[in-house]
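Below is one structure, written out as C-alpha cells, with a few remarks after it.
Throughout, read-outs are computed from the coordinates displayed, never taken from laboratory work. Small disclaimer: the values here were computed from a predicted structure and weren't measured. Please note: Cβ atoms are built from the backbone with ideal geometry, for glycine as well, and neighbour counts cover all protein chains shown.
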Amino acid sequence: MMMHIFIGFITHMNHRNLVQLVPDEVKNMWNEWALRGLILISLSSQIILSLLGNIRKYNPRTRIRITLWCNYLLAYAVASAALGIITRTALDVCNTSHSISQHHKANSSELMSFWAPFLLHHLGGPDTITAFALEDNELLVKTLCRDWVSIRSSSVYTLVVLARLFSSPTAKPIGLFIRFHQVFRTCSSSKGFNAKVEAVPEPPLPVINHAYPQEGKEISIAYDLFQSFKRLFVDLILTFEDRDSSLSYFRHFKSSDAFRVVEIELGFAYDMLYTKANVVYTILGLILRLTSIFLLFLIPVGFYFLNDRNHYHWIDVAITSLLIGATIFMEIFAVITMLRSDWTDHWLSQRNYTRKSLVFQFLKQPTKQRWSGSIAQLDLLSVALEEKPASLMAIQKFFGVDKYRVKHRYKTYMKVSDDLQDLIYRPFHESMGGNSDPKVLCTHKGSFALRENKCDALLWSINKVEFDQSILIWHIATALCYYAEDEDKDHVGNIDIHRRESKNISDYLLYLLVSYPVMLPIGIGMIRYRDTCAEAMRFFKEKRSYFCHEI
C-alpha cells in the first residue's frame with residue numbers, strides 16, 4: 001500500500017495543487033532526473049530478476065529469496081511510474097509554446113518516446129520468473145488490465161509526440177510487439193493452476209517409450225514421469241497403470257539414479273509453475289523469440305545510424321545505449337538459458353541429437369545444478385539451550401519479524417550424501433522386489449524397523465499418537481541416542497553412518513514441522529513444538545540452577 005501511495009505521489013508531482021508547494025528549482029531538478037533514475041532502477045531490477053529467477057531453483061538461501069522478492073515487487077511499480085512521468089512530460093511539452101527555451105525539452109521528450117517501449121518490455125518481466133508464489137498465477141485478469149492501461153498510456157504519449165515533434169515511430173511497433181510477446185508468455189504460464197474440475201473423463205494413458213537413447217535417458221524418463229504425475233497438481237488421481245509404470249522404472253534404479261530422475265522431474269514442474277516454460281519451449285514461442293530478437297537488433301541500427309544524437313543530452317544518450325545493450329544482453333542470456341535447459345536436452349534426445357554435436361558443443365556444461373543438494377536442519381536441543389540468542393529483539397518486534405526470525409535463527413543446512421540417499425531409498429527399493437503392497441511402505445511409519453530390532457514396546461510412539469507428536473518424540477529420542485553414543489566412541493562402519501544420517505533425517509523432519517507444516521498430515525504440530533520447547537527450556541534452566549547451586 002505504501003508503495004502505491006509513493007508512486008502516485010511522484011507521478012502526479014506536477015499537479016497544479018502542488019505547484020505552489022514545490023519550489024521551481026526542486027521541480028525542475030525532479031523533472032530532469034526522476035525519469036533517468038527510474039529507468040536505471042527498472043533496468044537493474046530486470047537484470048536481477050533474470051539472473052536470480054533461475055538461481056532460486058537450486059539456492060534456498062534467505063538472501064536470494066529476499067532480494068528476488070524485493071525486485072519482483074519493485075519492477076512493475078518503477079516501470080509504471082516511469083511511464084506516468086513520460087506521459088506527463090509529453091503533455092507539458094505540448095501545452096507550452098515551442099520556443100527556443102523549450103527546444104531542449106522537446107528533444108528530451110522525443111528521446112523519451114524511444115524509452116517507452118523498453119519500459120513496456122520491462123513490464124513483462126524475464127522468462128525465468130512469472131510468479132514468486134503459486135498464488136501469483138491467479139492474478140491473470142489483474143495483469144491483463146494492468147498491461148492494457150500501460151500500453152494505452154504509452155500509445156497516447158507516442159501519438160502526442162508524433163503530432164508535436166514528428167518523432168520517428170520506428171521503436172513503437174517494436175516495443176508493442178515485444179510487449180505482446182511478454183504478455184502472451186505470461187498469460188500462457190499462468191494456465192493450469194488451481195483448476196476446478198467438476199467432471200473429468202478418463203484421460204488416455206501417455207505413450208511411454210522404454211527404448212531411450214543412452215545419452216539423455218534420465219531426462220527422457222523424468223519427462224515421461226512428469227507427464228503422468230503433473231495431474232496431481234490439479235487434484236486428479238493416478239491410475240494403477242501409472243503406479244506400475246513408475247515402479248517399472250525405479251525397480252532398476254540405484255539410489256543415485258532415482259534421486260537424479262526425481263530432481264529433473266521436479267525441475268520440469270518448477271519451470272511450468274514459476275516460469276514461462278509453457279510457451280517458451282514451443283514452436284510459437286520460438287517464432288516469437290526469434291522475431292523479438294531480430295527487432296531488438298534493429299533498434300541500435302536506427303538509433304546510431306539513422307538519427308542525429310547531437311541534439312540530445314549526453315546523459316540521455318548514455319542511458320539509451322545502456323538500455324539497448326542491457327536488453328540485448330538479457331535476450332541473449334534468455335536464449336542461452338533456454339538452449340541449456342532440460343527441455344532442450346529432452347527435445348534433442350527425442351530426435352537422436354546429442355550434446356556432442358558441433359552445433360551444441362559451445363553450450364556444453366560440465367555440471368548442471370538443478371537443486372541445492374542440501375536439506376535444512378533444525379535441532380530442538382539448540383533451540384532449548386538458546387545457543388544463538390536473538391540480537392536487536394526490540395527492533396525485530398517493532399517490525400513484526402521476531403516470529404519469522406525465530407524459525408530461521410537456528411536453521412542450518414547439510415549436504416545430502418550418497419549414504420543418506422541409500423538409507424532413504426533402500427526400503428523403497430526392497431518393497432518393489434517382492435509382492436508386497438506399496439501402500440504398506442507409506443503407512444508403517446517406522447514400525448518395520450522397530451519390529452526388526454525387537455523393540456515392540458516402542459510401537460505406541462508411532463501407532464498410538466499423531467504424526468506430528470511422533471516426530472517430536474523420535475526427534476528427542478534420536479538426539480539423546482546420538483549424543484550418548486558419541487561419548488562411547490565405540491561405533492564403526494554402517495552403524496556410524498546410520499547414526500549420523502538418522503540424526504540428519506530427524507532434524508529435517510523437525511524443520512518441516514516448524515517451517516512447512518502443510519507438507520505433513522494435518523495436526524497441531526506448532527502448538528506441540530512450542531510446548532515442547534518451553535518444557536525443554538524450563539528443564540535446562542532447572543538443571544543449570546541445580547549445578548550452579550552444587551558448585
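Using θ = phi - 60° and the Karplus curve 6.51 cos²θ - 1.76 cosθ + 1.60, what whole-Hz ³J(HN,Hα) does each residue of the stretch 403-416 get, with Gly and Pro shown as x?
5, 5, 5, 4, 5, 9, 5, 9, 6, 10, 10, 9, 6, 7
Sorted by mean Cβ packing within 10 Å, highest first, what order do the peptides 237-246, 527-536 take? Don't skip to the end; give the middle numbers.
Values: 237-246: 13.0, 527-536: 14.7.
Output ranking for 237-246, 527-536: 527-536, 237-246.
Please list 62-69, 115-122, 313-320, 216-223 highest first by mean number of surrounding beta-carbon atoms within 10 Å per residue.
Values: 62-69: 13.1, 115-122: 25.5, 313-320: 15.2, 216-223: 21.0.
Ranked by mean Cβ neighbours within 10 Å, highest first: 115-122, 216-223, 313-320, 62-69.
How far, in nm, would the chain grow between Tyr516 and Ile66 when pulled straight, counting 0.36 nm per residue and subtracting the alpha carbon separation? If you can, show how the numbers build up before the last one.
Details: separation 450, 0.36 × 450 = 162.00 nm, distance 1.79 nm.
That works out to 160.2 nm of additional length.
Amide H to amide H under 5 Å from Thr275: which residues, 5+ apart in sequence or cross-chain, H placed 1.01 Å off N in plane?
Amide H to amide H, under 5 Å and 5 or more residues apart or across chains, Thr275 pairs with Thr130.
For Glu466 paired with Asn59, estimate the spin-label separation in nm (one decimal), with each label point 7 Å from Cα along the Cα-to-Cβ line.
Modelled inter-label distance: 3.9 nm.
Note the full-extension length gain between Ile328 and Ser372 as 0.36 nm times their separation in residues minus their Cα-Cα distance, in nm to one decimal. Spell out each step's value before the answer.
Details: separation 44, 0.36 × 44 = 15.84 nm, distance 2.97 nm.
That works out to 12.9 nm of additional length.
Exposure proxy check: Ile85, Ile473 ranked by fewest other beta carbons within 10 Å?
Numbers: Ile85 22, Ile473 17.
If I rank by nearby Cβ atoms, fewest first, I get Ile473, Ile85.
Let me check I have the definition right: for the stretch 206-349, take the eigenvalues of the Cα gyration tensor, multiply each by 5, take square roots. What are those semi-axes in whole Å, largest first?
The equivalent ellipsoid of the stretch 206-349 has semi-axes of 45, 14, 13 Å.
Between Leu290 and Ser256, what FRET efficiency comes out of the Förster formula 1/(1 + (r/R0)^6) with R0 = 56 Å and r the beta carbon distance, rounded to 0.05?
0.90
Ordered by residue, what ³J(HN,Hα) values in Hz, to whole numbers, does the stretch 271-281 give under the Karplus form 6.51 cos²θ - 1.76 cosθ + 1.60, where θ = phi - 60° and Gly and Pro are x?
Going residue by residue, I get 5, 6, 8, 10, 10, 9, 5, 4, 10, 4, 9 Hz, with x marking Gly and Pro.
My understanding is that a pair violates if its Cα-Cα distance is over 31 Å; which of Lys230/Lys397; Lys254/Lys407; Lys230/Lys388; Lys57/Lys254; Lys217/Lys454; Lys230/Lys445 do that in this structure?
Checking Cα-Cα distances, Lys230/Lys397; Lys254/Lys407; Lys230/Lys388; Lys217/Lys454 exceed 31 Å.
Taking R0 as 25 Å, what FRET efficiency do you get between Asn352 and Thr282 from their Cβ-Cβ distance, rounded to the nearest 0.05?
Working: r = 21 Å, r/R0 = 0.83.
Result of the calculation: an efficiency of 0.75.
Once label points are set 7 Å from the Cα along Cα→Cβ at both Asp456 and Arg499, what is their separation, rounded to one decimal in nm?
Result for the modelled spin labels: 2.9 nm.
Per-residue HN-Hα couplings for the stretch 319-335, Karplus 6.51 cos²θ - 1.76 cosθ + 1.60 at θ = phi - 60°, whole Hz, x for Gly and Pro?
Running phi through 6.51 cos²θ - 1.76 cosθ + 1.60 with θ = phi - 60° gives 5, 5, 4, 5, 4, 5, x, 5, 5, 5, 4, 5, 5, 5, 4, 5, 5 Hz.
State the extension gain, in nm to one decimal, for the chain segment bounded by Lys403 and Asp422, taking 0.36 nm per residue of separation less the distance between their alpha-carbons.
Here the answer is 3.2 nm.
What is the calculated FRET efficiency for Met432 to Arg340, with r their C-beta to C-beta distance and R₀ = 41 Å, to the nearest 0.05? Don't skip to the answer; put the middle values down first.
On the way: r = 34 Å, r/R0 = 0.83.
Calculated value: 0.75.
In nm, give the distance between the simple-model label positions of Val301 and Ala484, each being 7 Å from the Cα along the Cα-to-Cβ direction.
About 7.8 nm, to one decimal.
For Ser374, what residues show an amide H to amide H distance below 5 Å, using hydrogens built from the backbone and excluding near sequence neighbours?
Val416
Under a 5 Å amide H to amide H cut-off, with H placed in plane at 1.01 Å, what residues pair with His444 once short-range neighbours are removed?
Close amide H contacts, sequence-distant or interchain: none at all.
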